[in-house]
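Rule-based calculations on the coordinates, nothing more; no lab input. No experiment lies behind these values; they were computed from the predicted model shown. So basically every Cβ, Gly included, is an ideal-geometry build from the backbone, and we count neighbours across all protein chains shown.
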Amino acid sequence: MIPTWRLRAAFARRLSDMYGAEVPAYTTLLEVSAQVNDEVIGKHGDAGRLGGIERVTAERHGAIRVGTPREMRQAAQIFAALGMRPVGFYDLREAAASSVPVVSTAFRPVEAEELERNPFRVFTSMLTTADRRFFDADLEGRLESFLDRRALFPSELLHLAAQAEREGELDETAAERFLTLAVAAFELSPEPVDRTWYAELERISAVAADIGGVASTHINHLTPRVLDIDELYRRMGERGITMIDRIQGPPRWDGPDVLLRQTSFRALSEARRFREADGSIGEGALRVRFGEVEARGIALTRAGRALYDELIGGPAGAWPLRFPRTERQLAAREMGFFRYEPAAGRPRDGQRPPQDLPGLLDGGWLNALPIVYEDFLPASAAGIFQSNLTEEGTRDRTAIGTHYDQQWLSEVLERPVHDPFDLYAAQQDRSLRQAREAIGLPKD
Ligand code: OOG
Ligand code: NI
């Protein structure tokens, strides 16, 4: 029998093989990432603090975009078969200057052991067709009837997914069938694209056309993880692959790595067939698949995140002055999430451990091990969407937006949408209670 986590690892590997065969620059990205990771691990003994080399080497995130609540629910079913749960609600309609007509969540494992086995995650976005700032009632109606007619996921795939979720495993034959159908559902379809319909949506937003202008979905990028993203950025340039002009997320500095730093290369122009207005089939090209790479750091608490959000919007000089300079400060100011362990080898000098966390850390009673950030950043996500936008698109800033929120998404998915802060906090609190007990303190 193939348990859930093996299905997840196999799915991630097969998607990676498929993407590598179709998008050559992705293979270059993998090569350079692997080189950089080997070198970093070779040079810094403690590079594995934010994830062992095996995990990091296999680690990927992908992104897909769907059109309707029904498609979103079906995607959730497929990811549930892989042990991936919806975490976080991202409203990219509001994200900074570059608003896109989607709301999103990330499907990922939520337990530490599962993340360790394989942390594959998929950022999944849904077109907000009812948002009048982007789509008028007439276009919404036509979009909905187009989307209602298509089936992104065959029913055999959905049945196997439900079975895998229910039973926590599949036998080998069923697993093989499930993986084949699942990978196929995320490949770029060779079906001709309706030129007029695609162009109409593209005038609103390239993302609307990418989602609602074709009859299928596709993985639009697959992102490896790298331990030194500045070095990777330099080397990709040397290999002649032009990345966007910056690395998004926290600045490079000599303090602790936090959250997520990402950079990408622009969407590739790929030959596609089009159905012309007169019914004939013509040639053309679309830019819908791109490349991205990321470095992951320590997860921040709500307080840490609030400071991050404040500083990232402000002048660059403020960051080194105000952001905690060391892991110790991040932990003591309760701005970063850590797993706490009783320190081995503390001398038995008859002292009693203090009650407070800074005292326990300074007195050498506890060690703090960073908890890796497993999620995404809305500003960077909105930025990556821009990688395949050729034009700004149009929107009416005065019209009223429909209310899409985490509660709404949870009802659509018929599953709880986890709050990322709660997940990190639960892991930290559990470890702290156990560590306090181990050194003879009351649990809290
Ligand atoms: C998803 C963009 C979000 C990231 O890394 O922030 C994302 C998309 O372009 O569909 O993948
Ligand atoms: Ni991404």
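Temperature 25 °C, viscosity 0.890 mPa s: under these conditions the Stokes-Einstein estimate for segment 154-226, based on its Kirkwood radius over C-alpha pairs, is 168 µm² per second. With the highest mean first, a sort of the peptides 38-49, 261-272 on other beta-carbon atoms found within 10 angstrom per residue produces 261-272, 38-49. Structural size metrics of segment 229-307, computed from C-alpha coordinates, are Rg and Dmax of 19.1, 61 Å. Put in line by how crowded their Cβ is, counting other Cβ atoms within 10 Å and starting with the fewest, Phe146, Phe107, Phe79 read Phe146, Phe107, Phe79. Between 0 and 90 degrees, the angle of helix 137-149 with respect to the longest Cα principal axis of the chain falls at about 90 degrees. Ranking Pro24, Gly45, Leu357 by how far each Cα lies toward the positive end of the dipole of the chain (charges on Cβ) leaves Leu357 at the top.
The fraction of Cα-Cα pairs per 10 angstrom bin, counted from 0 for segment 129-183, comes to 22, 31, 18, 22, 7 percent, rounded to whole percents.
Each Lys and Arg contributes +1 and each Asp and Glu -1, all at the Cβ; summed about the Cα centre of segment 251-336, the dipole is approximately 180 debye.
Helix 195-204 and the longest principal axis of the C-alpha atoms of the chain enclose an angle of approximately 50°. The charge dipole of the chain, taken about its Cα centre with unit charges on the Cβ of Lys, Arg, Asp and Glu (plus for the first two, minus for the last two), comes to roughly 780 debye.
Evaluated at q = 0.10, 0.14 Å⁻¹, the base-10 log of the normalised Debye intensity for segment 56-176, with identical point scatterers placed on the Cα atoms, takes the values -0.38, -0.70.
Angle check, please: helix 172-185 long axis (alpha carbons) against the longest principal axis of the chain (alpha carbons), in degrees 0 to 90, nearest 10. Tilt relative to the chain: about 60 degrees. Each eigenvalue of the Cα gyration tensor of segment 90-156, multiplied by 5 and square-rooted, gives one semi-axis; in descending order these are 30, 19, 6 Å.
Using just the helices of the chain, give the 222 nm mean residue ellipticity in deg cm²/dmol: DSSP H runs with n ≥ 4 each add -39,500 (n - 2.57), and the total is spread over all residues, rounded to 500.
Working: 18 runs with 194 residues, N = 444.
Helix contribution divided over all residues of the chain: -13000 deg cm²/dmol.
For the pair Asp138 and Ser280, a Förster radius of 30 Å applied to the C-beta separation gives a FRET efficiency near 0.65, rounded to the nearest 0.05. Binning at 10 Å from 0, report for segment 1-82 what percent of all alpha-carbon pair distances ends up in each bin. Histogram of Cα-Cα distances, whole percents per bin: 14, 35, 33, 15, 3.
Placing +1 on the Cβ of every Lys and Arg and -1 on the Cβ of every Asp and Glu, with no other charges, gives segment 23-181 a dipole of roughly 500 debye about its Cα centre. Beyond 35 Å, what share of the Cα-Cα pairs of the chain is found? Please give it as a whole percent. Taking all Cα-Cα pairs of the chain, the fraction more than 35 Å apart is 33 percent.
The distance from the alpha carbon centre of segment 58-91 to that of segment 334-390 is 28 Å, rounded to a whole number.
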